[in-house]
Amino acid sequence: MELAEKDAVFNIFDMNLWYGDFQALHNLHFSIKKNEVTAIIGPSGCGKSTFIKTLNLMINMVPGVKMSGEIKYQDRNILQGSVDLVQLRKEIGMIFQKGNPFPQSIYNNVAYGPRIHGIKQKKKLDEIVEQSLKDVALWEEVKDRLDSNAMGLSGGQQQRLCIARAIATKPDVILMDEPTSALDPISTLKVEKLITKLKEDYTIVIVTHNMQQAARVSDKTAFFLNGEIVEFSDTDSLFSNPSDKRTEEYITGRFG
């Protein structure tokens with residue numbers, strides 16, 4: 001792929017990453033399209049989480065990291081020149097493996113981002129909090145205890161609250177790094193249904209160890225192995241008719 005794809009949110013060209021002398025990502029080259037769910041699968045240590053943290057430059061917090069190539073976001077290579085990280089991370093939200101709400105009220109967790117970005121009016125904040133919680137199907141469960149500490153929510157509720165917190169600033173992209181790995185099956189199903197709904201308004205990139213999950217929620221899947229992309233295609237094609245033997249061996253459980 002030599003030309004940037006027009007409907008892509010990210011166009012990644014010949015992207016490499018090193019931790020000191022160790023090269024963790026090799027010559028990545030693919031596009032992530034708008035309003036799609038792109039799943040990143042592969043065995044532990046293959047570079048999945050490293051890659052997703054490059055998309056909002058959270059990886060820059062790791063000492064000794066170097067990168068080359070291009071990650072074009074909104075037609076700008078974010079690996080070159082000065083980037084406003086606060087603005088970038090407003091536009092590209094991140095959800096981690098375990099719900100990590102602030103030890104504050106449910107309301108303040110959701111209102112945190114909008115306040116940081118200058119929204120002070122109580123009425124406007126009330127609207128954002130309510131809509132964000134409705135968008136993650138949590139409003140009915142918590143509307144009568146918005147002043148309660150978010151740490152009192154269940155694990156599944158905490159994860160949905162963190163998604164509400166991420167979308168309260170109206171990002172373009174939501175990155176999810178193993179978002180259901182700490183959840184029970186019922187909570188996992190709720191988050192998966194939520195991902196399918198959210199892609200109407202957001203572009204979603206999800207790292208998952210769970211291949212069934214990738215098959216259920218994603219439009220495209222990239223199979224990573226040893227820091228390289230072995231295969232990237234429509235999810236249905238990759239799982240039903242992989243073009244690389246290593247992909248077939250991984251998805252049939254022969255390794256990983």
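The values are calculated or read from the model by the stated rules, or taken from the named source; none is laboratory data. Since we're looking at a predicted model, the values are computed, not measured. Please note: Cβ atoms are built from the backbone with ideal geometry, for glycine as well, and neighbour counts cover all protein chains shown.
Give the residue, chosen from 75, 7, that is of a type in the set (D, E, K, R), surrounded by fewer than 16 Cβ atoms within 10 Å (Cβ to Cβ) and either at pLDDT 95 or above or touching a Lys or Arg at 6+ places or on another chain (Cβ under 6 Å) (or both).
Going through 75, 7 in turn, just one is of a type in the set (D, E, K, R), surrounded by fewer than 16 Cβ atoms within 10 Å (Cβ to Cβ) and either at pLDDT 95 or above or touching a Lys or Arg at 6+ places or on another chain (Cβ under 6 Å) (or both): 7.
Looking only at segment 154-194, which residues are among the aliphatic types (A, V, I, L, M), under 14 Å from residue 134 (Cα atoms) and touching a residue at least 40 places away in the same chain (Cβ under 8 Å)?
If the condition is that a residue be among the aliphatic types (A, V, I, L, M), under 14 Å from residue 134 (Cα atoms) and touching a residue at least 40 places away in the same chain (Cβ under 8 Å), then 161, 163, 164, 166, 167, 168, 194 are the ones that fit.
Name the one entry in 87, 80 that is assigned to a helix (DSSP H, G or I), over 20 Å from residue 136 (Cβ atoms) and not β-branched (Val, Ile, Thr).
87 is the lone residue from the list that is assigned to a helix (DSSP H, G or I), over 20 Å from residue 136 (Cβ atoms) and not β-branched (Val, Ile, Thr).
Anything in segment 226-256 that is in a loop (DSSP other than H, G, I, E, B), more than 21 Å from residue 44 (Cβ to Cβ) and in contact with a strand residue (DSSP E or B) (Cβ under 7 Å, 6 or more places away or on another chain)? List them, or say none.
Answer for segment 226-256, where residues must be in a loop (DSSP other than H, G, I, E, B), more than 21 Å from residue 44 (Cβ to Cβ) and in contact with a strand residue (DSSP E or B) (Cβ under 7 Å, 6 or more places away or on another chain): just 243.
Is at least one residue of segment 231-238 surrounded by 19 or more Cβ atoms within 10 Å (Cβ to Cβ), modelled with pLDDT of 95 or more and more than 20 Å from the chain's Cα centre (by Cα)?
yes
I'd like to verify a number: residues in segment 167-190 that are at pLDDT 95 or above and assigned to a helix (DSSP H, G or I), how many?
1
Scan segment 94-105 for residues that are in contact with a Gly (Cβ under 9 Å, 6 or more places away or on another chain) and either closer than 10 Å to residue 169 by Cβ or modelled with pLDDT of 95 or more (or both) and jot them down.
Residues satisfying the conditions do not exist here.
Would you say residue 146 is in contact (Cβ under 8 Å) with a residue 60 or more places away in the chain and either over 19 Å from the mean Cα position of the chain (by Cα) or more than 20 Å from residue 179 (Cα to Cα) (or both)? Explain how you work it out, then say what you get.
Details: in contact (Cβ under 8 Å) with a residue 60 or more places away in the chain: no; either over 19 Å from the mean Cα position of the chain (by Cα) or more than 20 Å from residue 179 (Cα to Cα) (or both): yes.
In short, no.
With the requirement that a residue be among the β-branched types (Val, Ile, Thr) and in contact with a Leu (Cβ under 9 Å, 6 or more places away or on another chain), what does segment 101-148 give you?
Once the filter is applied, which keeps residues that are among the β-branched types (Val, Ile, Thr) and in contact with a Leu (Cβ under 9 Å, 6 or more places away or on another chain), segment 101-148 yields 106, 110, 119, 129, 136, 142.
Condition (residue is buried (at least 20 other Cβ atoms within 10 Å of the Cβ), small (Gly, Ala, Ser), at pLDDT below 95 and closer than 30 Å to residue 211 by Cβ) applied to segment 30-41: is it met by at least one residue?
For segment 30-41, residues buried (at least 20 other Cβ atoms within 10 Å of the Cβ), small (Gly, Ala, Ser), at pLDDT below 95 and closer than 30 Å to residue 211 by Cβ: absent.
Out of segment 82-105, which residues are under 17 Å from residue 72 (Cα atoms) and over 17 Å from the mean Cα position of the chain (by Cα)?
Residues satisfying the conditions are 82, 83, 84.
Can you run down the residue pairs with Cβ atoms below 7 Å, 6 or more apart or on separate chains, where the first is in segment 236-252 and of a type in the set (A, V, I, L, M, F, W, C) and the partner is not in a helix (DSSP H, G or I)?
Hits for this filter: 238/221; 238/223; 238/231; 251/242.
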